[in-house]
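Visitor: Following this message is one structure expressed as structure tokens.
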Amino acid sequence: MRKWQRQLTRLVIGLLVGLSILNIGVSAQAASTAPQTPTSPPTSILGINLAGGFTQEPIDSNHISGDTVTLSAKGTRNILEALTNPFGSRKYVWWESTDGGNTYSKVGSNSTTYTFTAPQVSGVTHLYFQCQYDFTGIGLFYNEWSRIADVIIMPDRVPTTSIKVTADSTALYNGEITTVHATVTPSTATDPITWTSSNPSLASVDEYGNVVAADTSSSTDGLANDHGIVTITGSSNGKKDSVKIMIGTLQNVTVKEGSDATFTLRDLPEGMTVSNWYRVEDGTATALNTTDTSYTVNSASVAGDNGTSYYATLNYTLNGSTKSVTTNSALLTVEKTGLLSLTAVPNFNFGGIDAATLCQGDATLDNMDVASNGSNYDGNNNGSLTVTDSRETGGDWTLTATLPQFTLDGTNSSHLGATTLDVYDPADRLDQNVPANNEATTIYTSSDYDGQDFDVTDSQLLLSQDPLVTAGDYQSTVTWTLSVAPS
């Protein structure tokens, strides 16, 4: 019984293999075929191929009789095929048409390149080539087909008089590939085209015009050479033209102090989402807990934000499992603008106290950090007291506060007794008492050109005993004054 089972297993396997070989024979061994529809370019991000296809296509070119002509193509299997069909493979099959693209015959196989000698011709002759990325293995994975390359053969040299360079894509994620093209005048010019990159380590270009973006660096300081702009130049017969290509998922941002700075992820492939954003300062990364496709630093400052960097982690699903990939880090530069300004002042709300309590003794009220509808409220309710200083020259600045007596709302006759506002920010060691006597009190003096952003949420109001206090709502208005000493 066991022997019979082994024989049947061999028979079934042999039958399956035989069917697979028969299928390959039909698609790859035919003497001629009609031109095939080129496969869509592969979808990838940060070097991860979410869909397979040709990462390098055969290009159009012009030659004279007797030239050695080499066509090149490269394909990639998508990540799902590589994982689920590890024993499968693909090979390259080259097809040529000599009848204007009506029919194609196989001319080469199992190589990323195909080389031939240009035939002797008496006039303009077009040869068309297409590369097949042939699947071999078990599974429903289709053959990929390249674009059709037009190789023009001329009997004699035709000089290039002008050149125009374009790119299939002018923005690449890290690890992605695109192709640059040269349109020459006249269209039959046979002078060779050479390609150069202004920054080969950021993006290289080969002899066929294939541009490969650098991989994402492991550095998170935003200074790595894995993002920025690269210039690709094509030259022919001394004529030159260039195209600029942006490399990297994120780009550096430069703003003037006080402006918003936004880092944006370009269009992500379908199914890829943002897991989180991170801010890096002095080598320490802090999660920003947002999944938006952009992140904005509000009112960027030289002191707090200049030199920080930002990156994001992205999620995608593969075979039912969630995978993660990290973008490059981009740098934030905040420039001084020559501006000195008081950009935020706080509102205070000290709640209430029973009149009988104040009649009997002193009291201290904490700022409640809540909004109020009082007529004197014209600042913010989050405790921000901010001075922006973007100057590079000038004298020291001083911030003072003037506080008049508290008056009963709607009247000018009833006042609180002796009252003091304690402006307090423990983080920046700010602790200044401002008496309600309508005289200026110095809050802070700066001896450099850095602004300050105080959080005075924890400020208090110190009330002296007042036996004559009248119940009601009391208000006063703080006048904040920013002044500069002569240079």
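Visitor: Need one word for segment 406-462: rounded, prolate or oblate. Basis is the Cα gyration tensor (sqrt eigenvalues a ≥ b ≥ c); a/c below 1.5 gives rounded, then a/b vs b/c decides. Provide the component values of the computation, followed by the final result.
Guide: On the way: a/c = 2.84, a/b = 2.21, b/c = 1.29.
Prolate, since a/c reaches 1.5 and a/b exceeds b/c.
Visitor: Measure nothing fancy, just the Cα-based angle from helix 2-28's long axis to the longest principal axis of the chain, in degrees from 0 to 90, nearest 10.
Guide: 90
Visitor: Could I have the simple spin-label model distance between residue 342 and residue 37, label points 7 Å from Cα toward Cβ, reported in nm to one decimal?
Guide: 7.0
Visitor: Expected output is a single nm value to one decimal: the length gained when fully extending between residue 411 and residue 264, i.e. 0.36 nm times separation in residues minus the C-alpha distance. What is it? Can you show the working numbers first?
Guide: Values: separation 147, 0.36 × 147 = 52.92 nm, distance 5.31 nm.
Residue separation times 0.36 nm, minus the Cα-Cα distance, leaves 47.6 nm.
Visitor: Okay, moving on. Expressed in nm to one decimal, what extension gain is obtained for the pair residue 475 and residue 291 from 0.36 nm per residue of sequence separation less their Cα-Cα distance?
Guide: On the way: separation 184, 0.36 × 184 = 66.24 nm, distance 4.27 nm.
Contour length minus Cα-Cα distance gives 62.0 nm.
Visitor: Further question: Rounded to two decimals, what ratio of Rg to Rh does segment 160-248 give with C-alpha atoms and a Kirkwood Rh?
Guide: On the way: Rg = 14.1 Å, Rh = 13.4 Å.
Using only Cα positions, Rg/Rh for segment 160-248 is 1.05.
Visitor: Here's another thing I want to ask about it. Please enumerate, by chain and number, the aspartates and glutamates with C-alpha under 17 Å from the C-alpha of residue 244, excluding those fewer than 8 residues away in the same chain.
Guide: 168, 176, 206, 226
Visitor: Something else: Give me the percent of DSSP beta bridges within the chain that run antiparallel, rounded to the nearest 5. Can you show the working numbers first?
Guide: Working: 117 of 128 bridges.
Counting only bridges with both partners in the chain, antiparallel ones make up about 90 percent.
Visitor: Please report the net charge: other residues with Cβ closer than 15 Å to the Cβ of residue 293, K and R +1, D and E -1. Write down the numbers at each step before the final one.
Guide: Details: positive: 266; negative: 267, 270, 292.
Residues close to residue 293 contribute a combined charge of -2.
Visitor: How big is the shadow of the Cα convex hull of segment 256-333, averaged over all directions, in nm²?
Guide: Values: hull surface 22.0 nm².
Result: 5.5 nm².
Visitor: Something else: Kindly provide the helix-only [θ] at 222 nm of the chain, computed as the sum of -39,500 (n - 2.57) over DSSP H runs of four or more divided by all residues, to the nearest 500 deg cm²/dmol?
Guide: Working: 4 runs with 43 residues, N = 487.
The helix contribution divided over the chain gives -2500 deg cm²/dmol.
Visitor: With a cut-off of 8 Å between alpha carbons and a minimum separation of six or more residues, what is the relative contact order of segment 130-216 in percent?
Guide: Numbers: 125 pairs, mean separation 21.0, N = 87.
It comes to 24 percent, rounded to a whole number.
Visitor: Sorted from largest down, give the three principal axis spans of the alpha carbons of segment 393-487, whole angstrom values.
Guide: In descending order, the Cα extents are 51, 27, 19 Å.
Visitor: When we measure straight from the Cα of residue 240, which lysines land under 29 angstrom away, once same-chain ones fewer than 8 places off are left out?
Guide: 74, 164
Visitor: Taking the Cβ-Cβ separation of residue 229 and residue 321 as r and a Förster radius of 30 Å, what is the calculated FRET efficiency to the nearest 0.05?
Guide: Values: r = 36 Å, r/R0 = 1.20.
Working from the Cβ atoms, E equals 0.25.
Visitor: PRE reach from residue 162 (point 7 Å along Cα→Cβ): which of segment 226-251 fall under 18 Å by backbone N?
Guide: Answer for this model: 234-243.
Visitor: State whether the chain is rounded, prolate or oblate according to the following rule on the C-alpha gyration tensor (a ≥ b ≥ c being the square roots of its eigenvalues): a/c under 1.5 gives rounded; otherwise a/b larger than b/c gives prolate, and the remaining case gives oblate.
Guide: Details: a/c = 4.89, a/b = 2.38, b/c = 2.05.
Cα axes put the chain in the prolate bin.
Visitor: Follow-up question, since we're still on this one. At 0.36 nm per residue, and after removing the present C-alpha to C-alpha distance, how many nm does the segment from residue 447 to residue 206 gain when stretched out fully?
Guide: So the extension gain works out to 81.2 nm.
Visitor: I want to check the label-to-label distance for residue 91 and residue 109. Put each point 7 Å from Cα in the C-beta direction and report it in nm to one decimal.
Guide: 0.5
Visitor: Can you work out ³J(HN,Hα) from phi for every residue in segment 399-405, in order, using Karplus 6.51 cos²θ - 1.76 cosθ + 1.60 and θ = phi - 60°, giving whole Hz and x for Gly and Pro?
Guide: Using θ = phi - 60°, the values come out as 10, 10, 10, 10, 10, x, 4 Hz.
Laboratory data are not the source of any read-out in this text; all were calculated from the coordinates shown. None of these values were measured; they are calculated from a predicted model. Cβ: placed from backbone, ideal geometry, glycine included. Neighbour counts: every protein chain shown.
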